[in-house]
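Each remark here refers to the structure printed beneath this line.
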Amino acid sequence: LRNAENSDEVEDPREIEPNVSQDDASRRHARRKPSISKTHDRRRWLQAVTPGLAATACVPAAAHAKGRSRTDGYDVQKTEAEWKSQLSQQQYFILREGGTESPYSSILESEKRTGTFRCAACATPLFDSSQKFTSGTGWPSFAKPVMSQSDPLISNVEMENVSQFQYQLAGAEVRCQTCGGHLGDVFADGFLFPGTPAAATGKRYCIDGGALVFVPQDQSGEDIEIVRGDSPPKKGNQRMFPG
């Protein structure tokens, strides 16, 4: 695996295993809020949004090549039964099965407050609000992840080990460095978003809101607000995906 912020320098011959969920259609009908879908659909949705992403949208998701499990080698180890008990259906589908939520289905897509976006499974800090931007894709988007406190050269987000050609064309899966939970994909198209942090990094982390929780920075009192990304947008703030 390669560290998300040092993908050209840190390599490991292991590959990430995508865990494509089965019987996805029945899941969508059984649970309508928020809706869920197969991971590779993200490319089709992105193609409809931005012509410049057409190449990315047309290529099968890199995250679904056969490879490494979401458990072996990670600091946080739990059985699938324990994960199912801890996580909601939406969180489990995304984090443990590699699924993708429908665009604009997460309350975090429109979250603009200062704070930290953490892994919904293990609470690892993954993205700072200063790196969040509006991509128009329907998923929370970030320019770069949070770096590890123990090693500033390693980020808390793990990137799938793919060739530069595949990364430039189709992107790569990203996971939580601590628990191995699927987060989404990273694409090398930050240049398409001038005036945003992504233009500086050249990267767009397209993250499923259901894989995250948001902790606002400015909080007073004993109760700490935590916004779950598997919650739907607030009334009056819903957006529909074009097409």
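Listing for the model above:
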| quantity | calculated |
| --- | --- |
| The range 177-226: number of residues that are over 15 Å from the mean Cα position of the chain (by Cα), at pLDDT 95 or above and among the hydroxyl-bearing types (Ser, Thr, Tyr) | 2 |
| Restricting the range 77-111 to residues that are basic (Lys, Arg) and assigned to a loop (DSSP other than H, G, I, E, B), the residue that is most open to solvent (accessible area, probe 1.4 Å) | 78 |
| Candidate set: the range 227-243, residues that are at pLDDT 95 or above and more than 17 Å from residue 138 (Cβ to Cβ); chosen: the one farthest from the chain's Cα centre (by Cα) | 227 |
| Qualifying residues in the range 113-125 (those that are open to solvent by 20 Å² or more (accessible area, probe 1.4 Å) and in contact with a Ser or Thr (Cβ under 8 Å, 6 or more places away or on another chain)) - the one farthest from residue 178 (Cα to Cα) | 113 |
| Tabulated pairs, the range 192-207, first within 27 Å of residue 120 (Cβ to Cβ), second open to solvent by less than 40 Å² (accessible area, probe 1.4 Å) and assigned to a loop (DSSP other than H, G, I, E, B), C-beta under 6 angstrom, 6+ apart or interchain | 197/143; 198/143; 201/143; 204/189; 206/139; 207/140 |
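The values are calculated or read from the model by the stated rules, or taken from the named source; none is laboratory data. Given the structure is predicted, the values throughout are model-derived calculations rather than measurements. Cβ atoms come from the backbone with ideal geometry, glycine included; neighbour counts cover every protein chain shown. What goes into the accessible areas is simple: the full protein's heavy atoms, side chains included, and nothing from ligands, DNA or RNA. Shrake-Rupley method; radii C 1.70, N 1.55, O 1.52, S 1.80 Å.
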